[in-house]
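**Q** Here you go, one structure.
The values are calculated or read from the model by the stated rules, or taken from the named source; none is laboratory data. Being a predicted model, the structure only gives us computed values, none of them experimental. All Cβ positions, even for glycine, are placed from backbone atoms using ideal geometry, and neighbour counts span all protein chains on display.
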2 protein chains.
Amino acid sequence: MTLLVVGSVALDSVKTPFGEAREVLGGAATYFSVAASYYTSVSMIAVVGTDFPKTHIDFLKSQNIEIDGLEIREGKTFRWAGAYGYDLNERDTIDTSLNVFENFNPKLLEKHKESEYVFLANIDPVLQHSVINQVESPRFCALDTMNFWIDNKNSELKKTISEVDAFVLNDSECRHLAEEPNLIKAARKIIEMGPRILVVKKGEHGALLFTKENVFSAPAFPIEDVFDPTGAGDSFAGGFMGHIAKTGDITEENMRRAILYGTVMASFCVEKFSVEGMVNIGEKEIEERFSMLREMVNFGSEN
Amino acid sequence: MTLLVVGSVALDSVKTPFGEAREVLGGAATYFSVAASYYTSVSMIAVVGTDFPKTHIDFLKSQNIEIDGLEIREGKTFRWAGAYGYDLNERDTIDTSLNVFENFNPKLLEKHKESEYVFLANIDPVLQHSVINQVESPRFCALDTMNFWIDNKNSELKKTISEVDAFVLNDSECRHLAEEPNLIKAARKIIEMGPRILVVKKGEHGALLFTKENVFSAPAFPIEDVFDPTGAGDSFAGGFMGHIAKTGDITEENMRRAILYGTVMASFCVEKFSVEGMVNIGEKEIEERFSMLREMVNFGSEN
């Protein structure tokens, strides 16, 4: 069924030890949509400025991403610039110019209100909450956030968290939100805030899925040449939600497989700048990496 | 079959945010032996001073650890003092007094020369090499090290690495030795140095097992109350080697299970000071944690 994503579309300038890219297609909703497009039909709600290149519009359409909800507003597109050193887990943000994204106020079209699967990428939790209210009867709704909202809109964020099925965040955000250094304890505290599923992204260390009863551990894909980690978390979310929407299966067992599909999409993402690593990949390549991840945690039938 | 370990026995003073312990039983060979003693008979080669408390001797014997190779030399026992903050992955060494350990020169008794399974805990790689030469026909020999030897005895260490079956080290040591920030590439470089098996310990992020062809990823046990991480790596190695020696099975599939048993022993270790967390544990508790780890990577039979 249709998967809706609400979030940013940006023009990114990125510098890594391996190269530099200027004003390339970026933003959480972009990475998410491109990753999810390999699994299901995706509708994107976002805003760009009148300077947003038509080639990017054409590219999104060519990926079968439905962009009737992509508003083009007078002004400049959101721009982000960042740099990574050899420790690709650490990045410096050089510039964030919100531009038209500053006044983003997602209004869903009638057709989007019927969406069954919804991903609220990292935006103001008040806006995330307004999107939840606009969707008539979502079957599975997931949320991402960032440290900025944990610090500045804490109570609003907690209210929004309490209304979603799944919460996706990285390990430092998890500790930060729970105010608890032990990750397992932190995760338990967040599960108490309401979501049935908590997904903790740990970058090169893989991901954990928590429910009230269980913990599932997924390895990272063993990438020898991480070129640019920008967008990895959103691509992960795209694979995760894409698989769930494709299968329509919201059991915990299927969530575990969804985490591996998320991991696969993140692994393609980090191999090139922008979304280039996720362009023109086939089902065979996706399934090959899925199988490899499966083998990485296979320790035989005997025990 | 008999498992031989060569390494340090120490008196540790440790401070964590949760408490403080003074002059408690420590050292790599101690943690290793206690962990491995739940799987197989262990012989320990080490040195202590005349000040080494008889209660510790009695304790080691009570764990069925064979200590005929524990030399008691005139002088003081090796002492180590360290402190941890809330980030238990980082520790400050406050004091290292090698004392009698400074002139440790392991001489194997005749009966030890027939050992089939050998673990060379973190000591000078020249001494590790001399132990390998003393063992007549080891079936499976594994090695640990530390950054100090990577910096100060690099060529000697590489020679020793080339002569063992398995090399066990942590992720920062792996990157350091290979001079390569990407962990997967670093592991590949180390496998090229000779060992068939490389085990990379990642603390709270679990462990990876590399062979020339494959990567296996093991989760960490989800411990909510890590009390003192001292000795976790050596306890891990003890469970790993203990399971291998117990089963006599050196296939890659069994190595994968051995890694999970190592993870289980490390999880008991970190719950208390010294080796207290590993005292009086039953096979049932070990198997329960093993099963829980297995469940943590189980994503159903469908895929």
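**Q** Among the candidates B:Gly242, B:Gly238, which residue alone is part of a helix (DSSP H, G or I) and in contact with a Leu (Cβ under 8 Å, 6 or more places away or on another chain)?
**A** Of the residues listed, the single one that is part of a helix (DSSP H, G or I) and in contact with a Leu (Cβ under 8 Å, 6 or more places away or on another chain) is B:Gly242.
**Q** Could you grab me the full set of residues in the range A:223-245 that are of a type outside the set (A, V, I, L, M, F, W, C) and farther than 17 Å from A:Tyr86 by Cα?
**A** A:Gly231, A:Gly233, A:Asp234, A:Ser235, A:Gly238, A:Gly239, A:Gly242, A:His243
**Q** A follow-up question, please. I need the full set of residues from the range A:1-20 which are within 26 Å of A:Met241 (Cα to Cα), surrounded by fewer than 22 Cβ atoms within 10 Å (Cβ to Cβ) and hydrophobic (A, V, I, L, M, F, W, C), in order please.
**A** Of everything in the range A:1-20, just one residue is within 26 Å of A:Met241 (Cα to Cα), surrounded by fewer than 22 Cβ atoms within 10 Å (Cβ to Cβ) and hydrophobic (A, V, I, L, M, F, W, C), namely A:Met1.
**Q** Out of the range B:74-88, which residues are within 14 Å of another protein chain (Cβ to nearest Cβ) and loosely packed, with under 14 Cβ neighbours inside 10 Å?
**A** B:Gly85, B:Tyr86, B:Asp87
**Q** Hey, among A:Asn105, A:Asn89, which residue is more than 27 Å from A:Thr263 (Cα to Cα) and touching a residue at least 12 places away in the same chain (Cβ under 8 Å)?
**A** When all the criteria are applied, what remains is A:Asn105.
**Q** For A:Glu173, work out the one condition from (1) within 14 Å of chain B (Cβ to nearest Cβ); (2) on the phi < 0 side of the Ramachandran plot it doesn't fulfil.
**A** A:Glu173 satisfies all of (1) within 14 Å of chain B (Cβ to nearest Cβ); (2) on the phi < 0 side of the Ramachandran plot except (1).
**Q** Next question. Answer with yes or no whether A:Glu288 is farther than 22 Å from B:Gly206 by Cα, without any contact (Cβ under 8 Å) to a residue 60 or more places away in the chain and of a type outside the set (S, T, N, Q).
**A** Yes; evaluated as a whole, the condition is true for this residue.
**Q** A:Thr145 fails exactly one of the following numbered conditions: (1) closer than 28 Å to A:Thr247 by Cβ; (2) surrounded by fewer than 17 Cβ atoms within 10 Å (Cβ to Cβ). What is the number of that condition?
**A** (2)
**Q** Here is a list of conditions, (1) over 25 Å from B:His205 (Cβ atoms); (2) assigned to a loop (DSSP other than H, G, I, E, B), and A:Glu271 meets all of them except one; can you say which number that is?
**A** The failed condition is (1).
**Q** Also, quick follow-up: Give me the pairs, please: first residue somewhere in the range B:125-141 and more than 16 Å from B:Glu156 (Cβ to Cβ), second residue anywhere and of a type in the set (Lys, Arg), beta-carbon distance under 9 Å, and either six or more positions apart or on two chains.
**A** B:Gln134/B:Lys107; B:Gln134/B:Lys113; B:Val135/B:Lys113; B:Glu136/B:Lys113
**Q** Only residues that are surrounded by 16 or more Cβ atoms within 10 Å (Cβ to Cβ), out of contact with any Pro (no Cβ under 8 Å at 6 or more places or on another chain) and not in a helix (DSSP H, G or I): list them for the range B:92-116, please.
**A** Hits for the range B:92-116 are B:Phe104, B:Pro106, B:Leu108.
**Q** Tell me, please, whether a residue that is buried (at least 21 other Cβ atoms within 10 Å of the Cβ) and over 27 Å from A:Leu169 (Cβ atoms) can be found in the range A:37-46.
**A** No.
**Q** Just checking, does the range B:221-244 include any residue being facing another protein chain (nearest Cβ under 10 Å), touching a strand residue (DSSP E or B) at 6+ places or on another chain (Cβ under 6 Å) and either crowded, with 24+ Cβ neighbours inside 10 Å or touching a residue at least 12 places away in the same chain (Cβ under 8 Å) (or both)?
**A** yes
**Q** Any chance you could count how many residues in the range A:34-87 are farther than 18 Å from A:Val6 by Cα and basic (Lys, Arg)?
**A** The number of residues fulfilling the criteria is 2.
**Q** Could you grab me the full set of residues in the range B:181-218 that are facing chain A (nearest Cβ under 10 Å) and in a loop (DSSP other than H, G, I, E, B)?
**A** Passing the criteria: B:Pro181, B:Asn182, B:Lys202, B:Gly206, B:Asn214.
**Q** Condition first: more than 18 Å from the chain's Cα centre (by Cα), within 18 Å of A:His112 (Cα to Cα) and in contact (Cβ under 8 Å) with a residue 40 or more places away in the chain. Can you find one or more residues in the range A:75-86 that meet it?
**A** For the range A:75-86, residues more than 18 Å from the chain's Cα centre (by Cα), within 18 Å of A:His112 (Cα to Cα) and in contact (Cβ under 8 Å) with a residue 40 or more places away in the chain: absent.
**Q** Condition check: surrounded by 16 or more Cβ atoms within 10 Å (Cβ to Cβ), touching a strand residue (DSSP E or B) at 6+ places or on another chain (Cβ under 6 Å) and over 20 Å from A:Met241 (Cβ atoms). Does A:Phe119 satisfy that?
**A** Taking the combined requirement at face value, the residue does not satisfy it.
**Q** Only residues that are more than 19 Å from the chain's Cα centre (by Cα) and more than 29 Å from A:Arg196 (Cβ to Cβ): list them for the range A:237-291, please.
**A** A:Asn280, A:Gly282, A:Glu283, A:Lys284, A:Glu285, A:Glu288
**Q** Would you mention how many residues in the range A:251-303 are under 22 Å from B:Met296 (Cβ atoms) and of a type in the set (Phe, Trp, Tyr)?
**A** 3
**Q** A further question on this structure: Assess whether A:Met255 counts as being modelled with pLDDT of 95 or more, within 11 Å of chain B (Cβ to nearest Cβ) and part of a helix (DSSP H, G or I).
**A** It is true that A:Met255 is modelled with pLDDT of 95 or more, within 11 Å of chain B (Cβ to nearest Cβ) and part of a helix (DSSP H, G or I).
**Q** Which residues, taken from the range B:1-29, are among the hydroxyl-bearing types (Ser, Thr, Tyr) and under 26 Å from B:Glu136 (Cβ atoms)?
**A** Within the range B:1-29, B:Thr2, B:Ser8 meet the criteria.
**Q** Which members of the range A:271-303 meet the condition of being at pLDDT 95 or above, away from chain B (no Cβ under 14 Å) and within 30 Å of A:Arg79 (Cβ to Cβ)?
**A** Hits for the range A:271-303 are A:Lys272, A:Phe273, A:Ser274, A:Val275, A:Glu276, A:Gly277, A:Met278, A:Val279, A:Ile281.
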